[in-house]
Amino acid sequence: MKKPLVLFSTLLLGACQQSPSLPTVKALELDRFMGDWYVIAHIPTWPERKATKAIESYALQPDGSIATTFTFVPEGKTKTKQMTATGFPKAQSNNAVWGMQFIWPIMADYRVAYVDEGYQHTIIGRNKRDYLWIMARGPRVDDKIMTELIDFARKLGYNMDELRIVPQ
């Protein structure tokens with residue numbers, strides 16, 4: 001009976017370890033950020049590691065939370081899969097930091113580190129710098145812009161050797 005409790009406690013404490021705070025945008029206009037974002041490149045979580053045609057969709061809810069839907073086609077397959085979560089923007093962060101909940105009661109760190117002026121490109125990261133998402137409103141990004149986005153992520157402290165380009 002002790003083993004599950006010890007394992008859970010170890011995982012919980014590991015999740016609580018602090019890394020230097022990942023810088024975020026000064027303020028995120030949630031209405032402009034909502035909608036579909038194509039995942040162009042990422043340092044993936046386990047379920048995303050073989051995703052193709054990946055799209056992250058956000059919908060602002062009346063209570064201020066964000067319904068999040070991740071759709072993708074697993075590599076070598078044809079059927080679309082979907083994962084859902086709920087984002088909880090933190091007002092004190094001007095909506096740039098969210099708690100992302102896939103399973104209650106666990107909230108994952110989710111930070112909007114970059115969004116361009118036209119809300120066409122974004123970089124999402126975490127304090128731990130373990131996962132990263134470079135996303136755009138369309139399935140393709142100009143090579144020059146992509147280089148700039150990758151350089152930005154590298155300056156945030158991410159290991160770009162782990163970056164995976166997502167086939168669209």
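Okay, here's what the table says:
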item: Enumeration of residues in the range 46-84 that are of a type in the set (D, E, K, R) and assigned to a loop (DSSP other than H, G, I, E, B); result: ARG49, LYS50, ASP63, GLU75, LYS77, LYS79
item: Top-ranked residue in the range 33-73 [being at pLDDT 95 or above and aromatic (Phe, Trp, Tyr); ranked as nearest to ILE103 (Cα to Cα)]; result: PHE70
item: Among the candidates ILE165, ILE124, ILE134, residue that is over 21 Å from TRP98 (Cβ atoms) and among the β-branched types (Val, Ile, Thr); result: ILE165
item: Residues of the range 109-168 satisfying the condition of being without any contact (Cβ under 8 Å) to a residue 24 or more places away in the chain and among the β-branched types (Val, Ile, Thr); result: ILE124, THR147
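The values are calculated or read from the model by the stated rules, or taken from the named source; none is laboratory data. On a predicted model such as this, the values are computed, not experimentally measured, just so you know. No Cβ is skipped: glycine too gets one built from the backbone with ideal geometry, and neighbour counts run over all protein chains shown.
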